[in-house]
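Notes follow the structure.
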Ligand code: NAD
């Protein structure tokens, strides 16, 4: 689809492309909405097949951030950025981070960058050498790695899904986790501590082994097999786009609740397909908001106690969305409606 038409149909405010001749950095920043405030969203480093694919990814991700912030009741908009790598596994450098920081600075604070796939707290600090509009670093900027809060938020959302289906606790349950990285490992730990059996899969074998050795999880060779396992809960914690016509018909789980962004290939079609199959899908941007709550909370000056309460509140938000979904075509559409209502209510002029 034409890029401007895509922006118009999804309501994006702005997309900016940048190339830095000195470092070779190629990056895109997309701001979907600033109606609720400045927009905080991670920077993803990825080797895309084409510029168009990168642009579509950043548009999709930034829209998700708008809904994530609104559903979490944060006074923030939605934005995201991507750095287009020449090849997979390209090592990050300080020069690259600084160049990206200068690009972020051109937004004057309307966009605040942070971690996403391929970006570490160190990289955030490199970006922060050039702009103060960065969260997620440890020395130059603040916040650090948000993954513990993301994992905890998903665990809270999972509790709500289980309660809605009549399960009181985790003992006796089998949970499958795809991706044992920063968030997947911590989610596996929480599930094991709560008494569940946990199956894990990861294309990076040492990450999977760590879950087996340190947490007593069971390894399932690769992700294809995990999606065919009989599970109480499937937790996609790797990349997005894993729930579509190829995977949904063969799933054998009751609940889907994971950390990955944009899990549905097509939110309308695939959200409805999951409902038709009787699978309870915790909308990703509701469940995985913990990391955003943490970094946005610090940016907004919230206390640790206020941040913790908001991450705990993901359980209640999931309950509310699941309840609304009873009268909606899917949980995915119910969640988007829930977020849009909050934006309209908060952003409406006081006298309207
Ligand atoms: P990560 O890079 O630390 O971990 C991802 C893991 O998935 C890696 O171990 C990788 O080897 C594995 N993986 C990749 N492809 C796979 C496949 N096909 N099958 C099985 N495993 C595969 O990333 P993360 O920080 O844990 O984030 C995971 C997802 O959660 C991403 O979609 C990210 O955007 C989303 N997310 C993360 C946060 C956060 O706080 N880190 C917040 C919100 C959303």
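7 Å from Cα along Cα→Cβ at both residue 268 and residue 93: what's the point-to-point distance in nm?
With each label point 7 Å from Cα toward Cβ, the separation is 4.6 nm.
Below 8 Å, C-alpha to C-alpha, sequence gap of six or more: please give me the relative contact order for region 57-143 in percent.
21
Taking the Cα-to-Cβ direction at residue 323 and at residue 308 and moving 7 Å from each Cα, how far apart do the two end points lie in nm?
In this crude label model, residue 323 to residue 308 measures out at 2.6 nm.
Would you work out the Kirkwood radius for region 122-223? I mean one over the mean of 1/r across all pairs of different Cα atoms, in Å.
The Cα-based Kirkwood calculation yields 15.0 Å.
Take every DSSP beta bridge with both residues inside the chain and express the antiparallel ones as a percent of the total, to the nearest 5.
30
Send over the semi-axes of the chain's equivalent ellipsoid, whole angstrom and largest first, taken as the square roots of 5 times the C-alpha gyration tensor eigenvalues. If you can, show how the numbers build up before the last one.
Details: eigenvalues 182, 111, 78 Å².
Working from the Cα gyration tensor, I get semi-axes of 30, 24, 20 Å.
Inverting the mean 1/r over all pairs of different Cα atoms, compute the Kirkwood radius of region 104-169 and quote it in Å.
13.5
What order do you get for 276-285, 81-90 when each peptide is scored by the mean count of other beta carbon atoms within 10 Å, highest first?
Values: 276-285: 21.2, 81-90: 16.7.
Going from most to least packed, we get 276-285, 81-90.
Output the relative contact order of the chain, whole-number percent, from Cα pairs under 8 angstrom with separation of 6+ residues.
Relative CO of the chain lands at 15 percent.
Please work out the FRET efficiency for the pair residue 250 and residue 53, using the Cβ-Cβ distance as r and a Förster radius of 35 Å; give the result to the nearest 0.05.
0.85
Could you work out the helix-only [θ] at 222 nm for the chain, with each DSSP H run of four or more residues adding -39,500 (n - 2.57) and the total divided by the number of residues, to the nearest 500 deg cm²/dmol?
Counting only the DSSP helices, I get -14000 deg cm²/dmol.
What shape does region 29-162 take by its C-alpha gyration tensor, where a ≥ b ≥ c are the square roots of the eigenvalues and a/c under 1.5 counts as rounded, a/b above b/c as prolate, and the rest as oblate?
Here region 29-162 falls in the rounded category.
Rounding to the nearest 10 and keeping the result within 0 to 90°, find how far the Cα-based axis of helix 267-276 lies from the longest principal axis of the chain.
So the helix axis and the longest Cα principal axis differ by about 10 degrees.
For residue 73 and residue 212 in one chain, what is 0.36 nm times their gap in residues minus the Cα-Cα distance, to one decimal in nm?
46.4 nm
What length, rounded to one decimal in nm, is gained on full extension from residue 204 through to residue 16, with 0.36 nm per residue of separation minus their alpha-carbon distance?
Numbers: separation 188, 0.36 × 188 = 67.68 nm, distance 3.35 nm.
Here the answer is 64.3 nm.
Given labels modelled 7 Å from the Cα in the Cβ direction, how far is it in nm from residue 174 to residue 138?
For residue 174 paired with residue 138, the spin-label model returns 3.8 nm.
Please give the peptides 303-312, 240-249, 140-149, 317-326 ranked by average Cβ packing (other Cβ atoms within 10 Å per residue), highest first, as a rough proxy for protection.
140-149, 317-326, 240-249, 303-312
Each value in this text was obtained by applying a stated rule to the coordinates, not by laboratory testing. None of these values were measured; they are calculated from a predicted model. For neighbour counting, all protein chains shown are included, and Cβ atoms are generated from backbone atoms with ideal geometry for every residue, glycine included.
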